[in-house]
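Visitor: The structure's right below; bear with me while I get my questions together.
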Amino acid sequence: LMGENNESRGALVVFEGLDRSGKTSQCGRLLSYLEGLGHSVELWRFPDRTTSVGKMISAYLTSKSQLDDRTIHLLFSANRWEKRSTMETKLKAGTTLIVDRYSYSGVAFSSAKGLDFEWCKAPEIGLIAPDLVVYLDIPPEKAAERGGYGGERYEQLEFQRKVAQQYKLLEDSSWKILDACRPLEDVQKQVKEIVLEHVMTCHKGKPLS
Ligand code: T5A
Ligand code: NA
C-alpha cells in the first residue's frame, strides 16, 4: 500500500471505550502533549457529524430520526470510508492522527443490539488498521455516574453493559487496556507513556495496513 517513505509516516492512534469512559478528555490532552513535543498531529473523531452522512447519524443518535439497525450500522461505516483517503494522505505526509472512536465502536455497538458479529465487521475491512488502540476500561455503572448521560440513544446502562461484552471480543494485539476509573491525570500519564513507548518510535518503518 505505502511504497514510498514509510520512514516518516504518522501513527494512527485510536481511543475506544464506553460512553463517558473519558476518550475525548484524553484525546485532547494527548494532542497538546504531542504538539508540545513538536510532532505533526491532528485530532479526529467518529462519528464525524459534519458530513452529510454524519448529519444523518447525528439525527439518529439524538432520536430526531429512526433508522433500521443495519442501515445505521452501514452509515457509521460509510462515515469512516468517506474519510479514508484523507486519512491515508495525512499519515503518509507524516501527520499522526489521534482518533476518538473507530471501527471497534462500529462493531461493538451494533452487535450489542443483536446483529451478527461477522456481518458487523465486514464493512470495516479495508479501512486503515490502527498502530495502537487505547481502550479506556470502566464498569458501565461507574461510567453512568459521570456527569450523567446526556440523553443520546445509546446512553443507557443496560445497553452499555452489552457493549462492554462485545468490546471484549474485539481485543487484538494493537490494544492497550487502561483502568479508566483512575483520576484523569493518572490515566493521562499512562496514555503518554504508552504512546511514546509503543507508537512514536516503532510504527515508522511499518507499512500501513
Ligand atoms: N457509535 C459510534 C456507534 O454506534 N457506531 C460507531 O461506528 C461509532 C463511531 C456517539 C455514539 O455513537 C456510537 C457510540 C456512542 O454512543 P460520541 O459522540 O463519541 O459517540 O459520544 P461519546 O463517546 O459517548 O462521548 P462522551 O462524551 O459521552 O464520552 P467520552 O468522550 O468517553 O468521555 P469524556 O472525556 O467526554 O468524559 C465524560 C465525563 O467524565 C469526566 C469528564 O470530565 C466528563 O465530565 N471524566 C472523568 N471523571 C473522573 N475520572 C476520570 N478519569 C475522568 N475522565 C473523564
Ligand atoms: Na466523547
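Visitor: Can you give me the long-range amide H partners of residue 94? Hydrogens built in the peptide plane at 1.01 Å from N, cutoff under 5 Å, separation of 5 or more residues or another chain.
Guide: 10
Visitor: What residues have an amide H closer than 5 Å to that of residue 44, excluding those fewer than 5 places away on the same chain, when H is modeled at 1.01 Å from N in the peptide plane?
Guide: 98, 99, 100
Visitor: Report the one residue of 86, 107, 174 whose Cα lies farthest in the direction of the positive end of the charge dipole of region 75-209 (charges on C-beta: Lys and Arg +1, Asp and Glu -1; origin at the Cα centre).
Guide: 86
Visitor: Filter the cross-link list 121/176; 55/192; 55/92 down to pairs whose alpha-carbon distance in this structure exceeds 30 Å.
Guide: Check vs 30 Å cut-off fails for 55/192.
Visitor: Ranked highest first by average number of other Cβ atoms within 10 Å, how do 148-155, 34-41, 9-16 line up?
Guide: Output ranking for 148-155, 34-41, 9-16: 9-16, 34-41, 148-155.
Visitor: Could you work out [θ]222 nm for the chain from helices alone, using -39500 (n - 2.57) per DSSP H run of at least four and dividing by all its residues? Round to the nearest 500 deg cm²/dmol.
Guide: -14500 deg cm²/dmol
Visitor: Which value, to two decimals, describes the C-alpha radius of gyration of region 9-198 once divided by 2.2 N^0.38 Å?
Guide: Computed over Cα atoms of region 9-198, the ratio equals 0.99.
Visitor: List the lysines whose alpha-carbon lies under 17 Å from that of residue 142, not counting same-chain residues fewer than 8 positions away?
Guide: 23, 162
Visitor: If you place +1 on the Cβ of every Lys and Arg and -1 on the Cβ of every Asp and Glu, how big does the dipole about the Cα centre of the chain come out, in debye to the nearest 20?
Guide: Taking the Cα centre of the chain as origin, the dipole is about 340 debye.
Each value in this text was obtained by applying a stated rule to the coordinates, not by laboratory testing. Just so it is clear, the structure is predicted and the values come from calculations on it, not from any experiment. Methodologically, a virtual Cβ is constructed for each residue, glycine included, from the backbone with ideal geometry; neighbour enumeration extends over all protein chains shown.
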